[in-house]
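Enquirer: Below is one structure. I have some questions about it.
Bear in mind that the values in this text are calculations on the coordinates, not laboratory data. Since we're looking at a predicted model, the values are computed, not measured. FYI the Cβ positions are ideal-geometry reconstructions off the backbone, even for glycines, and counts take in every protein chain you see.
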Amino acid sequence: MSKPLGIYYPEYLQLDKILDAQSLESGKQGDPAHDEMLFIITHQTYELWFKQIVYELDAVIDVFDDPIIEDKKMGRVLHLLARIKTIQRVLVQQIDIIETITPHDFLEFRDLLIPASGFQSTMFKEIEIKLGIKRQHRISADCEFFKSRLKKEDLQSLDTLEAKETLHDLTDRWLTEMPFLRYKDFDFWKSYQNSVDQMLDKEQAIIEANVTLTDREKQFQVNDLTMTRAKFESIFDEEKYAQLRLEGQFRFSHQGFLGALFVNLYRDEPMIYTGFRFLTLLTEIDELLTNWRQRHAVMVQRMLGTKLGTGGSSGHDYLTATTQNNRAFPDLFNIATFLIPRNELPKLPDELARALGYFFRGEKDRLKELEL
Ligand code: HEM
């Protein structure tokens, strides 16, 4: 009698379901197109990775959904976000595989797929929404397709998802709670504003003293500097900021944006570094999503030229527009505008700087004092 095998690989992975899930549309029509198998398997692989990304995002959102975020959980958050990034790199590279289908061979089965489209990937939409891309951030064609191309139940579940707090919302809330911005009589933003004014005055003096520039060139550079001053004013003046936010130029709340700027400026302080890593990972995830969109859009141009997509969009043009527009954390990219060099940064009060360092470093100093 043979021994029982115990847990069995194909059953554990339910391979019967997965490996039996490739049904060629061209085969059903009696003329199987060889490359349709690759087309289906590539898409299915993407959907599985999308599922994993959603799973990791849920775990991250869970941590941030707590009124008090436990410091200890931040390490895990960073680990999961880094995992998402690693998967995304594979997703960008996987475009290479679909590109082994030539545009001519694609024609063998493409029309049979109309009106199905990647646009109907609810997993992809879930990733976008969970990160923070909501209907109001999408281009009008994208919003239109939401209404017209999705099944009612899919649309409803995406609507429900949009009503929940996204990772963007939760990050904003976390940033607004940034301590350290006011410490006893130290008001960080007042000091920062002074530093910015001094820096810009210095730059203006350099332009005016530059003998290699004509008056016209000087005027041009001074005008540019005036525009930079106006940009800085928009973050120092809460009302101006609110107006620009309404116009879509900022997405974080005013306090959230300032919190993110502070984290970027003082990332060398050990207590701030984890926050900086977190924001950097969000930036990288947003960038990789954009990289995927770009590669997908260029692949689509190569595959279709200027033809419409099977889902009815303008194809390459539509996808290029989403590349520019569908961003989850635009503020984290634009923050660079407001960074000033380290040597111009307001010095933090000693007591605060010590509190932002590693505890054991303070202990060592104390021990040294005791030895003395
Ligand atoms: C021959 C290969 C492919 C072609 C020609 C193609 C074409 C298109 C086109 C034209 C659209 C715009 C909507 C429409 O009009 O249909 C689109 C959207 C989309 N495709 Fe593809 N695609 C291909 C492969 C893939 C693969 C492998 C994936 C992986 C999942 C994918 C995922 C998506 C997604 C998620 C969208 C929605 C994007 C958005 O609305 O921002 N596509 N595709």
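Enquirer: Which of Ile101, Ile41 has the fewest other C-beta atoms within 10 Å, and how do the rest follow up to the most?
Expert: Details: Ile101 21, Ile41 14.
Ranked by crowding around the Cβ, least crowded first: Ile41, Ile101.
Enquirer: Tilt of helix 316-325 relative to the longest C-alpha principal axis of the chain, in degrees (0 to 90, nearest 10)?
Expert: Helix 316-325 and the main axis of the chain meet at about 30 degrees.
Enquirer: Oh, and also: So, with +1 on the Cβ of K and R and -1 on the Cβ of D and E, and no other charges, what is the size of the charge dipole of the chain about its Cα centre, to the nearest 20 debye?
Expert: Details: 47 positive and 60 negative charges, 48 e Å.
That gives the chain a dipole magnitude of about 240 debye.
Enquirer: Suppose R0 equals 35 Å. What FRET efficiency, 1/(1 + (r/R0)^6) with r the Cβ-Cβ distance, do Thr86 and Lys28 give to the nearest 0.05? Mind dumping the intermediate values first?
Expert: Details: r = 37 Å, r/R0 = 1.06.
Plugging the Cβ-Cβ distance into 1/(1 + (r/R0)^6) gives 0.40.
Enquirer: What list of ³J(HN,Hα) values in whole Hz, one per residue of segment 111-119 in order, does the Karplus curve 6.51 cos²θ - 1.76 cosθ + 1.60 (θ = phi - 60°) give from phi, with Gly and Pro shown as x?
Expert: 5, 5, 8, 4, x, 5, 7, x, 4
Enquirer: Can you list the lysines whose alpha carbon is less than 19 Å from that of Lys218, not counting same-chain residues fewer than 8 positions off?
Expert: Lys202
Enquirer: OK, next. Determine ³J(HN,Hα), in whole Hz, for all residues of segment 190-201 in sequence, where each value follows from phi through the Karplus function 6.51 cos²θ - 1.76 cosθ + 1.60 and θ = phi - 60°; x replaces Gly and Pro.
Expert: Whole-Hz 3J(HN,Hα) from phi for segment 190-201: 5, 5, 5, 4, 4, 4, 5, 4, 4, 4, 5, 4.
Enquirer: How many angstrom separate the Cα center of segment 318-358 from the Cα center of segment 120-151?
Expert: Result: 28 Å between the Cα centres.
Enquirer: Counting other Cβ atoms within 10 Å of each Cβ, which GluC sites (Glu not before Pro) in segment 148-253 have at most 16 and sit in a DSSP loop?
Expert: Within segment 148-253, the qualifying GluC sites (Glu not before Pro) (loop, at most 16 other Cβ atoms within 10 Å) are Glu165, Glu177, Glu247.
Enquirer: Please arrange Asp58, Asp31 by how many other C-beta atoms lie within 10 Å of their C-beta, fewest to most.
Expert: Working: Asp58 14, Asp31 11.
Arranged by neighbour count, lowest to highest, Asp58, Asp31 become Asp31, Asp58.
Enquirer: Something else now. Quick one: compute the contact order of the chain, relative version, from alpha carbon pairs under 8 angstrom and 6+ residues apart, as a percent.
Expert: RCO, the chain: 22 percent.
Enquirer: If you filter segment 138-190 for trypsin sites (Lys or Arg not before Pro), then keep DSSP loop positions with at most 16 other Cβ within 10 Å, what is left? Could the numbers behind the result be given before it?
Expert: Values: sites: Arg138, Lys147, Arg149, Lys151, Lys152, Lys164, Arg173, Arg182, Lys184, Lys190; in loops: Arg138, Lys151, Lys164, Lys184.
Answer by residue number: Lys151, Lys164, Lys184.
Enquirer: Taking Cα centroids, how far is segment 42-118 from segment 158-207 in Å?
Expert: Value for the Cα centre distance between the two parts: 31 Å.
Enquirer: Kindly express, to the nearest 10 degrees and within the range 0 to 90, the angle between helix 215-236's C-alpha long axis and the longest C-alpha principal axis of the chain.
Expert: Here the helix axis deviates by roughly 80 degrees.
Enquirer: Using helices alone, what [θ] at 222 nm do you get for the chain, with -39,500 (n - 2.57) per DSSP H run of 4 or more residues, divided over all residues and rounded to the nearest 500?
Expert: Values: 20 runs with 245 residues, N = 372.
Result for the chain: -20500 deg cm²/dmol, rounded to the nearest 500.
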